[in-house]
Each structure stands twice: as C-alpha cells, then as structure tokens.
1. Checking the structure you have, find out if any residue of region 49-67 is within 11 Å of the chain's Cα centre (by Cα) and within 14 Å of residue 89 (Cβ to Cβ).
2. Take residue 75 and tell me if it is without any contact (Cβ under 8 Å) to a residue 12 or more places away in the chain and assigned to a helix (DSSP H, G or I).
3. Test residue 73 against the criterion of being over 30 Å from residue 4 (Cβ atoms) and under 14 Å from the mean Cα position of the chain (by Cα), and give yes or no.
4. Within region 37-63, how many residues are in a helix (DSSP H, G or I), crowded, with 16+ Cβ neighbours inside 10 Å and either touching a strand residue (DSSP E or B) at 6+ places or on another chain (Cβ under 9 Å) or in contact (Cβ under 8 Å) with a residue 12 or more places away in the chain (or both)?
C-alpha cells in the first residue's frame, strides 16, 4: 500500500488511526447493497414465502426491503429479510 510505504519512509508508524478508520468505512460501504439485485433475497424467495405469482407486488416488496437495508433499518441477511417480508405482507 503506497500510503503505508510513504509513512514508513518518513519515519512515522506504518499505520494511523485515520487510515484504520478509512479502511473500516470502506469495508462497510462495500457490504452495502447498491441495487435491489444485491439483496441476499430475490423475487423467487418473496413469491415462495408469500405464495405469490409473479407481478408488481413482488417488486414492491423487494423495493421496501432494499430501502430498509439502505436506511440501515435491516441487515442484508437472508433470515432477517425473510422475517421482514412477512411483516411487510401483513401491512
């Protein structure tokens, strides 16, 4: 890593708290879904869980799940998303 080499070359410690914080943030951002297709659940899961046929309702539910994950109200994990599907369907 160029930054680490620069720090060592200038006599500083190999890493800094800012670099560590930056790396942690980068990892978190990479974990976040950026599109609905990045969710750990898909339309087939929604249809199976709710016994739905293909249609706009499936897309609406996926959109709601995606919004909740992006807003950090839900984790992008299959078990958590499955529970949320059932809650959304009850509304």
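1. Applying the first criterion (within 11 Å of the chain's Cα centre (by Cα)) to region 49-67 yields 65-67.
Those still in the list that are within 14 Å of residue 89 (Cβ to Cβ) too: 65.
For region 49-67, residues within 11 Å of the chain's Cα centre (by Cα) and within 14 Å of residue 89 (Cβ to Cβ): present.
2. On the way: without any contact (Cβ under 8 Å) to a residue 12 or more places away in the chain: yes; assigned to a helix (DSSP H, G or I): no.
It is false that residue 75 is without any contact (Cβ under 8 Å) to a residue 12 or more places away in the chain and assigned to a helix (DSSP H, G or I).
3. On the way: over 30 Å from residue 4 (Cβ atoms): yes; under 14 Å from the mean Cα position of the chain (by Cα): yes.
For residue 73, the condition - over 30 Å from residue 4 (Cβ atoms) and under 14 Å from the mean Cα position of the chain (by Cα) - is met.
4. Quick first cut of region 37-63, residues in a helix (DSSP H, G or I) only: 37-38, 43-50, 56-63.
Adding the requirement that they be crowded, with 16+ Cβ neighbours inside 10 Å leaves 43, 45-47, 49, 58, 61-62.
Okay, now just the ones that are also either touching a strand residue (DSSP E or B) at 6+ places or on another chain (Cβ under 9 Å) or in contact (Cβ under 8 Å) with a residue 12 or more places away in the chain (or both), so 43, 45-46, 49, 58, 61-62.
The qualifying residues number 7.
Each reported figure results from applying straightforward, stated rules to the coordinates on display, with no laboratory input. The structure displayed is predicted, hence computed values, not measured ones. Glycine also receives a Cβ, built like all others from the backbone with ideal geometry; neighbour counts cover every protein chain displayed.
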